[in-house]
Amino acid sequence: MQRRLVPRCAGYSPVHVATQVHPVDQAPQTAVRMLGESTAVVSSGAWFSAVTSAAFADMAAEAHDAGARELILDLTGVRAVDAAGTTTLSALSEQLEAAGCGVAVAATHPALVAWLTSVPLDLDLDLSVFDTVEAALADVLRRPV
């Protein structure tokens, strides 16, 4: 977090404002873990924006191409999300469901959880949202084959 000084304006004394700056030059922090032959957990870093969500979607597609038929999208590490990130997540979920891949989401960021549980997606998806990866994995493993 960076602190910057806001100059005196309209007679008010200067104040310090805390801002968060997205590290543009930093590589997206995404990872994928295969759990057996047909289940994978794709994890995101703290930022879920246009750049990082695209890398996340690529990793999810690679896991699917490698044989994963059930994906847990781990967004529990997300601390900041923007409209581009949610748009990418929506498209990714729809594409995976259309390809016959089961999807469950683990998320804790309040704005992301609110979006995931309230915004209707284009397809008739049953996107399950959980607060932990373990709960999402348990749901996926209980589904009929």
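Each reported figure results from applying straightforward, stated rules to the coordinates on display, with no laboratory input. Everything numeric here is computed off the predicted structure, so don't read it as measured data. All Cβ positions, glycine included, derive from the backbone under ideal geometry; neighbour counts span all protein chains shown.
Here the peptides 86-92, 29-35, 63-69, 103-109 are ranked by packing, the mean other Cβ count within 10 Å, and the order with the highest first is 103-109, 86-92, 63-69, 29-35. Applying the Karplus relation 6.51 cos²θ - 1.76 cosθ + 1.60 with θ = phi - 60° to region 129-144 yields 3J(HN,Hα) values of 10, 10, 8, 9, 5, 4, 5, 5, 5, 4, 5, 4, 6, 7, 5, x Hz, where x marks Gly and Pro. Here the 3J(HN,Hα) profile of region 35-43, calculated from phi with Karplus coefficients 6.51, -1.76 and 1.60 at θ = phi - 60°, is 10, x, 8, 10, 10, 9, 10, 10, 10 Hz, Gly and Pro shown as x. Shown here for region 55-145: chymotrypsin sites (Phe, Trp or Tyr not before Pro) in loop regions (DSSP other than H, G, I, E, B) with at most 10 other Cβ atoms within 10 Å, of which there are none. One equal scatterer on each Cα of region 24-142, no solvent, Debye formula: the resulting log10 I(q)/I(0) at q = 0.12, 0.13, 0.17 Å⁻¹ is -0.36, -0.42, -0.75.
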